[in-house]
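Structure, as structure tokens:
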Amino acid sequence: QVQLVESGGGLVQPGGSLRLSCATSRNIFSFNSVGWYRQAPGKERELVARITSGGSTTVADSMKGRITISRDNAKNTLYLQMNSLKPEETAVYYCNARPNDLTNYWGKGILVTVSS
């Protein structure tokens, strides 16, 4: 069983920055891709950003230019650096890992609140 543990969430002011971390229990390169999703109250879960084992990235249009997704291979950890955060980006952020096209692993999620 794969475990994904998010950290780094909390309260940040509008325009501020935050870095989320996701520690994986398996070699991060064993996954076809890893990424971040978020779910705001009353809304569906949506993609924030993904990175494949080959290094290709996909970023939500609404966040292009404001985020960086990266990984530390030695620590088996995925990161999401978010800048210029907006109140409407308040959500629970989830780490996701896909070892293949049929399987998804999810972290428990971590709350990010953007508010003054």
**Message:** Condition check: on the phi > 0 side of the Ramachandran plot and modelled with pLDDT under 95. Does Gly10 satisfy that?
**Reply:** no
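Filter the range 86-116 down to residues that are farther than 24 Å from Ser17 by Cβ and within 12 Å of the chain's Cα centre (by Cα) and give me whichever is least open to solvent (accessible area, probe 1.4 Å). Lay out the reasoning, then the answer.
Within the range 86-116, the first condition is being farther than 24 Å from Ser17 by Cβ, and the residues that meet it are 97-106.
When the remaining residues are screened for being within 12 Å of the chain's Cα centre (by Cα), the result is 97, 106.
Working: Ala97: 0, Trp106: 100 Å².
That would be Ala97.
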**Item:** Unique match (being closer than 30 Å to Ser116 by Cα and of a type in the set (S, T, N, Q)) among Ser56, Ser21, Ser30, Ser25
**Value:** Ser21
**Message:** Just to be sure I understand, how many residues within the range 36-58 are under 13 Å from the mean Cα position of the chain (by Cα) and open to solvent by less than 40 Å² (accessible area, probe 1.4 Å)?
**Reply:** 7
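For the range 20-35, indicate whether the set of residues that are in a loop (DSSP other than H, G, I, E, B), open to solvent by 20 Å² or more (accessible area, probe 1.4 Å) and under 17 Å from Pro87 (Cα atoms) is non-empty. Spell out the reasoning first.
In the first step, residues of the range 20-35 are kept if they are in a loop (DSSP other than H, G, I, E, B); the result is 25-27, 31-32.
Add one more test, that the residue is open to solvent by 20 Å² or more (accessible area, probe 1.4 Å), and what stays is 25-27, 32.
Checking which are under 17 Å from Pro87 (Cα atoms) leaves us with none.
Within the range 20-35, none of the residues are in a loop (DSSP other than H, G, I, E, B), open to solvent by 20 Å² or more (accessible area, probe 1.4 Å) and under 17 Å from Pro87 (Cα atoms).
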**Residue tally, condition closer than 14 Å to Thr90 by Cα and of a type in the set (A, V, I, L, M, F, W, C), over the range 1-32** = 4
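Count, please, the residues in the range 71-85 that happen to be surrounded by 13 or more Cβ atoms within 10 Å (Cβ to Cβ) and at negative phi.
We begin by selecting, within the range 71-85, every residue surrounded by 13 or more Cβ atoms within 10 Å (Cβ to Cβ); these are 71, 76-85.
From the residues that got through so far, the ones that are at negative phi too are 71, 77-83, 85.
Of the residues in the range 71-85, 9 are surrounded by 13 or more Cβ atoms within 10 Å (Cβ to Cβ) and at negative phi.
The values are calculated or read from the model by the stated rules, or taken from the named source; none is laboratory data. All values reported here derive from a predicted model rather than from experimental measurement. Note that each Cβ is placed from the backbone with ideal geometry, even for glycine, and that neighbours are counted across all protein chains shown. To get the accessible areas, we keep the full protein, side chains included, count just its heavy atoms, and leave off ligands, DNA and RNA. Shrake-Rupley method; radii C 1.70, N 1.55, O 1.52, S 1.80 Å.
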